[in-house]
Amino acid sequence: MDAAQREILAANLRRVRERIAAACARVKRDPREVTLIAVTKSVGPEVMQALIELGVTDIGENKLQAAQEKFPQVPGLRDRAKVKRHFIGHLQTNKVKGVLELFDVIHSVDSLKLAEEIDKRARQLERPAVAAFIEVNVSGEESKQGLPAGEFRDFFMQALRLPRLEWQGLMTMAPLAEGDEVARFCFRGLRQLSSPFAGEEALLRLAYLSMGMSNDFELAIEEGATHVRIGTALFEGM
Ligand SMILES: *Cc1c(COP(=O)(O)O)cnc(C)c1O
């Protein structure tokens, strides 16, 4: 990575932060409520290190094996307390142990079987609590991963019983090519999913909404996103 690339990266990051702030301003939200997760799946350890030096505090990866290769090569990740690692990809039960060893937050819990496996492995690893999001398929698109929206309530009532899971909120992905209307519908749908829990203690545990990527994060923020997962927009022109 040369100086010119570093400058592009810094400018991209600044621009993304400005766009987050502008989206927050439109709906009178405090930008500090929105966590930027830099999704680094398309870049190597050097760029990840540069992002951390530029002040990024949250990084996201979607594949365990890539993380196992890259994380040890990023000096900025050595202090576990400084940068939070988010696992955002589809998670198979046989990868849970590895993910727990490397990551702080899991955004993609979409079945009871997976939640139970996380609970079991966390106990074995003596990890008292695992921060996790429930991934919901709001759009109903068949190709999409995630729990069908209609199964969410039953799932959550059972998932609440797993002692090592610390439920943080809900996660979704809007369909890529369907336009702003559909994306907004999905984001709003995710927010509304938690409203039947209003007044219940359980709601407190679902305070966060992980939604919005490079092409739709501003809409997601307008609809209440607390965590945006952004890759492409950070690396344009590099
Ligand atoms: C890749 C990915 C992102 C980031 O997507 P961009 O369009 O590159 O911003 C966000 N969330 C998930 C689950 C991803 O796999």
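The values are calculated or read from the model by the stated rules, or taken from the named source; none is laboratory data. Everything quoted here is computed from the prediction, not taken from an experiment. Glycine also receives a Cβ, built like all others from the backbone with ideal geometry; neighbour counts cover every protein chain displayed. Protein only, heavy atoms only, side chains kept; ligands, DNA and RNA dropped before computing areas. Shrake-Rupley method; radii C 1.70, N 1.55, O 1.52, S 1.80 Å.
Take VAL136 and decide whether it is hydrophobic (A, V, I, L, M, F, W, C), buried (at least 17 other Cβ atoms within 10 Å of the Cβ) and in a strand (DSSP E or B). Before you say what the answer is, go through the steps one by one.
Numbers: hydrophobic (A, V, I, L, M, F, W, C): yes; buried (at least 17 other Cβ atoms within 10 Å of the Cβ): yes; in a strand (DSSP E or B): yes.
Taking the combined requirement at face value, the residue satisfies it.
Looking only at residues that are touching a Ser or Thr at 6+ places or on another chain (Cβ under 8 Å) and either at pLDDT 85 or above or basic (Lys, Arg) (or both) in the range 190-212, which one is surrounded by the fewest Cβ atoms within 10 Å (Cβ to Cβ)? Even if it seems obvious, please write down each step before you answer.
Start the filter on the range 190-212 by keeping residues that are touching a Ser or Thr at 6+ places or on another chain (Cβ under 8 Å), which leaves 190, 203, 206-211.
Cutting the leftovers down to either at pLDDT 85 or above or basic (Lys, Arg) (or both) gives us 190, 208-211.
On the way: LEU190: 27, TYR208: 22, LEU209: 26, SER210: 28, MET211: 32.
Only one residue tops the list, namely TYR208.
Look at the range 204-238 and say how many of its residues are more than 12 Å from the ligand (Cβ to nearest atom), assigned to a strand (DSSP E or B) and not hydrophobic (A, V, I, L, M, F, W, C).
Residues flagged as more than 12 Å from the ligand (Cβ to nearest atom), assigned to a strand (DSSP E or B) and not hydrophobic (A, V, I, L, M, F, W, C) within the range 204-238 amount to 1.
In the range 139-155, what count of residues is obtained for those that are surrounded by 20 or more Cβ atoms within 10 Å (Cβ to Cβ) and either assigned to a helix (DSSP H, G or I) or touching a residue at least 40 places away in the same chain (Cβ under 8 Å) (or both)?
Of the residues in the range 139-155, the ones surrounded by 20 or more Cβ atoms within 10 Å (Cβ to Cβ) are 139, 146-147, 152.
Of the ones still in play, those that are also either assigned to a helix (DSSP H, G or I) or touching a residue at least 40 places away in the same chain (Cβ under 8 Å) (or both) are 139, 152.
Residues meeting the conditions: 2.
Considering every residue within the range 45-60, establish whether at least one is touching a Ser or Thr at 6+ places or on another chain (Cβ under 6 Å), touching a residue at least 12 places away in the same chain (Cβ under 8 Å) and β-branched (Val, Ile, Thr). Walk me through it before giving the result.
Initially, the range 45-60 is screened for residues touching a Ser or Thr at 6+ places or on another chain (Cβ under 6 Å), giving 48, 58-59.
From what's left, touching a residue at least 12 places away in the same chain (Cβ under 8 Å): 48, 58-59.
Right, trim to β-branched (Val, Ile, Thr) and you get 59.
Yes, that holds for at least one residue.
Which residues, taken from the range 175-196, are outside any helix (DSSP H, G or I) and within 15 Å of ASN137 (Cβ to Cβ)?
Going through the range 175-196, the residues outside any helix (DSSP H, G or I) turn out to be 175-179, 194.
Matches in the range 175-196: PRO175, LEU176, GLU178.
Can you confirm whether GLU117 is in a helix (DSSP H, G or I), out of contact with any Lys or Arg (no Cβ under 8 Å at 6 or more places or on another chain) and without any contact (Cβ under 8 Å) to a residue 24 or more places away in the chain?
Working: in a helix (DSSP H, G or I): yes; out of contact with any Lys or Arg (no Cβ under 8 Å at 6 or more places or on another chain): yes; without any contact (Cβ under 8 Å) to a residue 24 or more places away in the chain: no.
No: the conditions fail for GLU117.
Anything in the range 104-125 that is more than 12 Å from the chain's Cα centre (by Cα), of a type outside the set (D, E, K, R) and open to solvent by less than 80 Å² (accessible area, probe 1.4 Å)? List them, or say none.
Initial filter on the range 104-125 (more than 12 Å from the chain's Cα centre (by Cα)): 110-125.
Checking which are of a type outside the set (D, E, K, R) leaves us with 111-112, 114-115, 118, 122, 124-125.
Matches in the range 104-125: SER111, LEU112, LEU114, ALA115, ILE118, ALA122, LEU125.
What residue, among those in the range 33-91 that are among the hydroxyl-bearing types (Ser, Thr, Tyr) and surrounded by 15 or more Cβ atoms within 10 Å (Cβ to Cβ), is farthest from the ligand (Cβ to nearest atom)? Give the steps one after another, and end with the answer.
Initially, the range 33-91 is screened for residues among the hydroxyl-bearing types (Ser, Thr, Tyr), giving 35, 40, 42, 57.
Checking the rest, the ones that are also surrounded by 15 or more Cβ atoms within 10 Å (Cβ to Cβ) come to 35, 40.
Details: THR35: 13, THR40: 9 Å.
Filtering the range 33-91 for residues that are among the hydroxyl-bearing types (Ser, Thr, Tyr) and surrounded by 15 or more Cβ atoms within 10 Å (Cβ to Cβ), the one farthest from the ligand (Cβ to nearest atom) comes out as THR35.
Quick check: anything in the range 88-97 within 23 Å of TYR208 (Cα to Cα) and either at pLDDT below 95 or assigned to a helix (DSSP H, G or I) (or both)? First the steps, then the outcome.
In the first step, residues of the range 88-97 are kept if they are within 23 Å of TYR208 (Cα to Cα); the result is 88-91, 96.
If we keep only those that are either at pLDDT below 95 or assigned to a helix (DSSP H, G or I) (or both) as well, we get 96.
Scanning the range 88-97, I find at least one residue that is within 23 Å of TYR208 (Cα to Cα) and either at pLDDT below 95 or assigned to a helix (DSSP H, G or I) (or both), so the answer is yes.
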